[in-house]
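Everything on this sheet refers to the single structure shown next.
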Amino acid sequence: MAKGMILAAGQGSRVRPLTKDLPKPMVPILGKPVMEYLIEHLARYGITEIMVNVAFHHRKIEEYFGDGHRWGVNIGYSFEGVYDHGDVVPQPKGSAGGLKAIQDFSGFFDETTLVICGDAIIDLDLGAALHEHRSKGAIASVVALEVPKNEVGNYGIVVADKQGKVEFFQEKPSPAEARSNLASTGIYLFEPEVLDLVPSGVVFDIGSQLFPLLAEKGLPFYAQSRFFNWIDIGRVTDYWSVLQRVLRGEVAEMSMPGKEIEPGVWVGPNTSISWESSKIVGPVYIGSSVRIEHGCSVIGPAWIGHGCHLRKGAKVIRSVLFEYTRIGEGMEFLEMIVSPRYCVDRAGETSYVGDDRCKLRWGDARG
């Protein structure tokens, strides 16, 4: 059908502190890395030969996914970096440069290739996208969605004619400069000859360099505009919003783990919960080995990761607790992402353990 390429070499600086110790594709949604949903989706459409470029925290991706046999796919990795005095130093080559390095090394991209960013969840009909790409005789296609005019600065913007042929590509323009509000979703279809236009051995980007080059040369480069769910985790604030949507059941093919013991409340094994004296309002997931003492409130959408401990009277409201987070007696978290070392509010403001604000939040039970 096609080959797959997942772009996973970025540093994820805009979603720190979530990516302080994790590569961006490993950030969890419902307890699973974002990239796992992508691999499952590719496999669903018969795309089983997949390359992944990696750099920062690369071992965490490689050790989790291995050769891909658990998902019925074959995964290979291309590390972007150098060995320096015994240390492996990441040096990303850019989104297009990463593909070119793989092509120069092995010629892997010998048929239509679906290229996708490793930090978003999608439910795009890949069969329909491939059919449109091939029926138009495209050398390259970009899947695009309309975004509000005031948000164009976060995306690559596509300007296309009535047939969808791309005339111009703007990388993160200001609203005043934007010539459309059709945003690239980071989903591309490439024929092998596209990579002939990418220089070898240099950092080269798809959005800011390759796409303008394709448009300038007048090559058969098309935009596809079709409706689908595109759950992008570009910033920390996006992550909180995504989790809320997922917990409300708004995203297809993302089922809650655990056992639904009452409507909207899912629970993992080996939990200790004071049901009679606590208030738990779904949608809520409570992971394995969680302890919730008497008088606590958990108001959904909320996710309590495994091994967490809420001491008596604690309140967790529309928030996410990462694994092994301990909340002190009487503490309240409203619309927060919380880990044992930091918490982030929905506006992206971060507090770390040791800060005065953290002492007020975690109490004496942070862990």
Legend entry - Members of segment 274-283 that are modelled with pLDDT under 95 and either within 27 Å of the chain's Cα centre (by Cα) or buried (at least 21 other Cβ atoms within 10 Å of the Cβ) (or both): 282, 283
Inset, instruction - Please find, within segment 82-115, the residue that is surrounded by the most Cβ atoms within 10 Å (Cβ to Cβ) out of those that are at pLDDT below 95 and part of a strand (DSSP E or B). - result: 90
Legend entry - Long-range neighbours under 6 Å by Cβ, at least six apart or interchain, first residue over 18 Å from residue 30 (Cβ atoms) within segment 262-280, second small (Gly, Ala, Ser) and in a loop (DSSP other than H, G, I, E, B): 270/288; 270/289; 277/295
Inset, instruction - Quick one: count up the residues across segment 60-78 that are outside any strand (DSSP E or B) and within 20 Å of residue 44 (Cβ to Cβ). - result: 10
Inset, instruction - Could you check how many residues of segment 212-257 are buried (at least 20 other Cβ atoms within 10 Å of the Cβ) and of a type in the set (Gly, Ala, Ser)? - result: 1
Inset, instruction - Can you tell me which residue among 121, 187, 157 is in a strand (DSSP E or B), under 24 Å from residue 38 (Cβ atoms) and at pLDDT below 90? - result: 121
Inset, instruction - May I ask you to verify whether residue 266 is modelled with pLDDT under 95, under 16 Å from residue 332 (Cα atoms), outside any loop (DSSP other than H, G, I, E, B) and not acidic (Asp, Glu)? - result: no
Inset, instruction - Within segment 30-59, track down each residue that is surrounded by 20 or more Cβ atoms within 10 Å (Cβ to Cβ), modelled with pLDDT under 95, part of a strand (DSSP E or B) and out of contact with any Leu (no Cβ under 7 Å at 6 or more places or on another chain). - result: 33, 54
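The values are calculated or read from the model by the stated rules, or taken from the named source; none is laboratory data. Keep in mind the model is a prediction, meaning the values are calculated, not measured. Cβ sites come from the backbone with ideal geometry, for glycine too, and all protein chains shown count toward neighbours.
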